[in-house]
Every structure is written in C-alpha cells, then in structure tokens.
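Each remark here refers to the structure printed beneath this line.
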Amino acid sequence: MTVRLLAFTDKGLALAQRLAGLLGGEAVRCGGAVTLVGWTADAFASADALVFVGAAGIAVRAIAPHLQSKATDPAVVAVDEAGRFVIPLASGHLGGANRLARRIAAACGGTPVITTATDVNGRFAVDEWARVQGFRLLDVDRIRTVSGKLLAGGTVTVASRWPVAGTPPEGVTLTDGQNAADVSLSLSGADTGALRLIPPIGVLGVGCRRGTPRESLEQALAALLAAGDVCAAAIREVATIDLKQNEPGLAAFCQAHGWPLTVFSAQQLQNAPGAFTSSDFVRRVTGVDNVCERAAVLAAGGKLYLQKQAGNGVTMALALAPFAPDWRWQDE
C-alpha cells in the first residue's frame, strides 16, 4: 500500500514522519510549494491511502471534489496531531481505511473511530472479505443490500464454484448453486442479481501475426470470453512469446485493460506442462508448436481453462492460477 501523509503544524509533521516510517509512506507539511489542494489531487490520483494529520474537517473538504466510488477511491484517514483519535473517512473496507486506522491508532496509543455499521455491530463485511481475499466486485451498489440483510438479522447466501475453507461467519451460508444467491463468487459475467465477486486468477495467452492491431485483439478477447462465459475482470495478466513483446497492437491492448505482459522464450514455452493444441505452422514461425496455451499455463502456474481459439490472425487461450478462498475477512 502506497501511503502519503500531510501535516499542518510542526507537531503534526513529527507524528506524520513517525507514521511514515511505520507505514513506509511519505510525509510532508502543508505550506509553500505544498498546497492542500495540489497535494490532495496528486495523492488521490497516485496513492493507495491518504493520511491527514490534523482536523478531520480539513480532510473532508479537501477530498470532497475527488470522491468517485468506494470501489476506486483510495483509503482516507484523519488523525489529530496528538494521535488520540484516528478516523477513517473514505473507503473503510475496500480501500482498507478501517484497517489502516486501527494500525495507526495502535502505533499512537489512540482510539480508532470506526463507524461502518457492520463493524459497529460485529457483523460480516462482504466488501472487506473481498479486499482480504483479493476479489474484484462488479456490483458495488449491492454491498449495502447484503450488509443490510445481515444487520437486520437475516441470512446471506454465498454461491461459489469453489469450496471456501473454514467456517462461514455468523449469518452466512454457502451453496454451490447460483440461483437466488445474495453473493456470487465465480468467473462468470452473467448478472443473476447477486453481488458478483470475481477472483482475478485468469491469464490470457496470446499469439498474433506481426502488425496485428488492438481492435483485432479486442474482438478475439470478446469471442473467447463469450464462449467460455468468463468475465474480463477475472483476467490478471497477458502472456505470450518474447517474439511479440514489442508488438504495438498488443502493447496498446494490455495498456487499455491495465494488464501486465509476461513473455517467455520458445524453449520455456516448449517445457510447459500439459497437453496443447499443436500447429506445425506456428512451430515453423516461432520454434514452438503452440504459443497462447503454453504461455497462459506457464504464467498462471495452473491449468488450461479455455483452449485456443483462432481467428483473424489472433490466437487466445485462458489458464487459471491455483485458487483456494477461505472465510478470512479481517486481517487484524
């Protein structure tokens, strides 16, 4: 987590610097070239967490123009310069502000002022479970529906295609069916009305002709995901042969989706474990009989999930990394 801290007095700066050492962050004092407006805008766009050492009202006014969604906003915490009270102001669960506030309070000997309803009532927080487990959420607005049901004393049903280790929290039951579930843990992008949690465990293996444009890769991706009923949020990276690492279209494709590109040599691909779709043409051109399936499996460290699909000069396949969710939702 990238943490940036802003103080307004010498006393506040001393505390901010001490916390920066603990959190591995950067502390500065407001004044001169460092303005509240400028610092907040830059930190909001670049950091995972903002810590204001000073009045909570200053922090609230500073971040107000930048707030967008609990799914994307960084964690925001305010702590008074004496370290007595630490207040999460935004992204308490998904951004980790509640956890950060508890950590700061423990370091200062202060009190974390946690106001989220599930925390106050000691109930399961599905969004914090998503953060701890690394899931991606597709329906942020449905979090309140799930939490509201638990707070009202109801039972929330979680549908998962994988077993979930441990004992479900109070008020939560697990099923392997998707119908009428409150929460769905799957790779599918289908909207069943549940809060959808997607584990980012997919690696997209890609092969393409020289000069293939991004548009062709997008079309191939859409076809692959539709055929396999997989949501794009399940993909964490793209993998290919090193011969393709400088392809402009592939680079633009990865950048547009925020996916890192991993490349392998022909020899590395040849040594990938498993059975793959073989092509003599691909072997003559690249030195290995299959690029997309082998690259996906190597990068994922798991098994092939969707076999090669080919068209318009593009081949794509999907492999899944090992995945074993559990019921941990608090990491204190």
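Annotations
- The calculated 222 nm mean residue ellipticity attributable to helices in the chain amounts to -9500 deg cm²/dmol, summing -39500 (n - 2.57) over DSSP H runs of n ≥ 4 and dividing by all residues.
- Rolling a 1.4 Å probe over the heavy atoms of the protein chains gives region 58-180 an accessible area of 47 Å² per residue.
- Taking amide H atoms as placed 1.01 Å from N in the peptide plane, the amide H of residue 85 lies under 5 Å from those of 80, 111, each 5 or more residues away in sequence or on another chain.
- Listed values for region 252-269 are Karplus-derived 3J(HN,Hα) couplings in whole Hz (6.51 cos²θ - 1.76 cosθ + 1.60, θ = phi - 60°), namely 5, 4, 5, 5, 4, 9, x, 9, x, 10, 10, 10, 10, 6, 4, 5, 4, 5, and x replaces Gly and Pro.
- Fraction of accessible area attributable to carbon and sulfur, the chain (%, probe 1.4 Å): 51
- Amide H to amide H, with H built 1.01 Å from N, residue 305 comes under 5 Å of 318, 319, 320, counting only residues 5 or more places away or on other chains.
- 3J(HN,Hα) couplings calculated from phi for region 205-214 with the Karplus curve 6.51 cos²θ - 1.76 cosθ + 1.60 (θ = phi - 60°) are, in sequence order, x, 10, x, 7, 6, 4, x, 5, x, 4 Hz; Gly and Pro show x.
- Candidate lysines - alpha carbon under 23 Å from residue 308, same-chain residues fewer than 8 apart omitted: 244
- Rounded accessible area per residue of region 196-332, 1.4 Å, Å²: 46
- Whole-percent pair-distance distribution, where bins are 10 Å wide, for the alpha carbons of region 88-161: 18, 48, 27, 7, 0
- Area of residue 39 that stays accessible when all protein chains are in place (1.4 Å probe, Å², to 10): 20
- Percent of beta bridges antiparallel (DSSP, the chain, rounded to nearest 5): 35
- Only protein heavy atoms count here; on that basis, with a 1.4 Å probe, residue 113 has an accessible area of about 50 Å².
- Net charge of neighbours whose Cβ lies under 11 Å from the Cβ of residue 286, counting Lys and Arg as +1 and Asp and Glu as -1: +2
- Calculated log₁₀ intensity ratio I(q)/I(0) where the Debye formula runs over C-alpha points of the chain, q = 0.09, 0.12 Å⁻¹: -0.61, -0.94
- Loop trypsin sites (Lys or Arg not before Pro), region 1-90 (other Cβ atoms within 10 Å of the site Cβ: 16 or fewer; DSSP): 84
- Applying the criteria of a DSSP loop state and at most 15 other Cβ atoms within 10 Å to the trypsin sites (Lys or Arg not before Pro) of region 256-332 yields 328.
- Amide proton proximity set for residue 174, modelled H, under 5 Å, gap of 5+: 158
- Per residue solvent-accessible surface (Å²) - region 1-51, probe of 1.4 Å: 47
The values are calculated or read from the model by the stated rules, or taken from the named source; none is laboratory data. Quick caveat, the model's predicted, so the values are computed rather than measured. With ideal geometry, Cβ positions are generated from the backbone for all residues, glycine too; neighbour counts draw on all protein chains shown. With ligands, DNA and RNA removed, areas are computed over all heavy atoms of the protein, side chains included. Shrake-Rupley method; radii C 1.70, N 1.55, O 1.52, S 1.80 Å.
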